[in-house]
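Beneath this line is the structure, given in structure tokens, with notes to follow.
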Amino acid sequence: MKAALVIQNWYRRYRARLTARQHYALAIFQSVEYADEQGQMQLSNFFSYMLENYGKTRKEDSAVVTRLFESTMRENKDRQEYVGLVEVPDSYDGPRLHFPLTSNDIDLLLQAFKQQQILHAHYVLEVLFEARKVLKQMPNFTHIRTFPSKDITVCGDLHGKLDDLLLIFYKNGLPSENNPYVFNGDFVDRGGNSMEILMILLVSFLVYPTDLHLNRGNHEDFMMNLRYGFTREILHKYKLHGRKILQILEEVYTWLPIGTIIDNEILVIHGGISESTDLNTLHKIQRNKMRSVLMPPMSINQEHSIDLRKNKIGPSTAMPGKAESEKLPSEQLTKHEWEQIIDLLWSDPRGRKGCYPNTSRGGGCYFGPDVTSRILSKNQLKMLIRSHECKPDGYEICHDGKVITVFSASNYYEEGSNRGAYIRLSYGSTPQFFQYQVTSTSCLSPLHQRVSAMEFSAFRILKERMLSRKTDLINAFQLRDYSRSGRISLAQWAFSMESILGLNLPWRSLSSQLVNIDHDGNVDYMSSFEDVHIEKPVKEMKSSIIETLYRYRSDLEIIFNVIDTDHSGLISMDEFRTMWKLFNTHYNVHIDDSQIDELANTMDFNKDGSIDFNEFLKAFYVVHK
């Protein structure tokens, strides 16, 4: 018995240590993910800055700004102009859809995608145009009901993970009149099969428009797609017609409903609520005017007005008079309306009472149990189902059972990192939760190996984040290294890490994996960077420029991809200088024009003087020893 108890106690401690390591790895993944989203949200301030200051730039710079924003002001696309010009060759051996669509087309797509076939661009465009036509007829909130013989399944984020969607359909059945679904946003980005998931969901929606419901998530946003992979996936899979697909997709996003209300009791939205959430206002908002979270309402002044109706940006010769302007339809949401939708798409619940800014993501808010009770009571609702956050078990219940988070992408950060889940809502019954995890050979390995793999990946990402702020971190360390010994206390090191990186992580617990600590408990702070460095594309370039480019490479890539409206992958040298000048001014990164000229002179030019900016950014990668 004593031996059994010793083994049992050892095993429990062993499992507890593995669980703690897994928890820390997940905390790192989530903190870095939210920090990236915060940077993405901050880009909206940059775009607002560009709009407000475009009139002060040189004439040639203003043209670049025009190109930056012209994609957000396109009028409705002509179907024949897009679909009619894209022919399906006889040699195409992928799935061929037949309109009007039927359940056979759903089966056809599923079988084709299981075999990794790609749907032809002609059919993709047809589906997008058909979906737009039907979505435009739908209200902002879809009202549906359960029945004794008809449950409703609610799924959370899928993020391009096709295997999870296929597993859900295998376990829970395909969508049908007797098996309705609600997919609660974030169908795309991050995973490699976002197009396949989007096509399956849209085709299923067109076959069963009253039984399959799609809510908009914060990643159903063409600007978010630029950073998180869906744009890149489309251009890779549809090299010839990718631009057409992106243009109509941008409009389809805007017509997705922003929520679903089940049995007049359960509100299903992607993110959350705030203390100012007003469902009456949200019911009336013209949701299609919400183009992107990164395009907030623009302030238009008389000196530099923006003529949206003419699909251009530039100083107007005259402002319309009051009578004339009252006749012009508003081209954008008001600030209040925009914030209402942002709160729905970006907010997260927390245990603390009240409503306060969502500092982790940079958008939306944190809302407490008191806010949940007040908003639900005000609207005669009983429960809020939302997604938006990865949970280890695939779901989480909080706020005294009034808020449920459901997340359907298993292995989201790394294989074995989390389970996925979906919810079945039955007539008059409590929600039922179903968990799953897509398995592979690595998932069958022992737990300690899976945890070690997660841990390695998490610390690699964290090291890269530390490297992007290397100069700032070293300055912070040296400020506390009074004796210039190269060592500071663990408490000083942890404080410096959090003050610079702002990731809200347990730095003391993580320190053994990040730095060398002597027997007195002091940290050799330069050891933070000894096993990782940024590969310089040009040896003569200053480290400060390299570090700055690496830190902001995602933001710069987004700005470049928006400027590169023809998706050629090339921009001129003048466009590069203009882009950097505007970015440098707004972000205050302290790199002067002479340094940028020095950088420009090291770049490889094509014969026409253009630069493959994406290839240039790829040169800035982190090397792990």
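Ranked highest first by the average count of other Cβ atoms within 10 Å around their residues, in what order do 133-140, 495-502 fall?
495-502, 133-140
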For Phe433, placing the label point 7 angstrom along Cα-to-beta-carbon and taking region 5-31, residues whose amide nitrogen sits under 20 Å are 19-20, 22-24, 26-27, 30
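Could you state the per residue volume, in Å³, of the convex hull enclosing the Cα atoms of region 491-535?
Roughly 83 Å³ of hull volume per residue.
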For the pair Lys378 and Leu447, how long in nm is the line joining their label points, each one 7 Å along Cα→Cβ? 4.5 nm
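Need the full-extension length gain, Gln286 to Thr359, defined as separation in residues times 0.36 nm minus the C-alpha distance. One decimal, nm.
Between Gln286 and Thr359, full extension yields 23.5 nm more.
Once R0 is set to 45 Å, what does the formula 1/(1 + (r/R0)^6) return for the Cβ-Cβ distance between Ser483 and Arg460, expressed as a FRET efficiency to the nearest 0.05?
After rounding to 0.05, the efficiency reads 0.90.
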What full-extension length gain, to one decimal in nm, is calculated for Gln115 and Phe495 as 0.36 nm per residue of separation minus the Cα-Cα distance? 131.7 nm
Just grab the label-to-label distance for Glu530 and Asn104, each label 7 Å out from Cα along the Cβ direction, in nm (one decimal). 6.8 nm
Give me Cys365, Cys398, Cys390 sorted ascending by neighbouring Cβ count inside 10 Å, so fewest comes first. Cys398, Cys390, Cys365
How many angstrom separate the Cα center of region 438-509 from the Cα center of region 126-150? 46 Å
Cβ neighbours within 10 Å, averaged per peptide: list 113-121, 412-420 in order, most packed at the top. 412-420, 113-121
Cut-off is 10 Å between beta-carbons; in what order do Val88, Val207 appear when sorted fewest neighbours first? Val88, Val207
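Values quoted throughout were computed directly from the atomic coordinates according to the rules given, and no laboratory measurement underlies them. Please read all numbers here as calculations on a predicted model, not as lab measurements. As a convention, Cβ positions derive from the backbone with ideal geometry for all residues, glycine included, and neighbour counts pool all protein chains shown.
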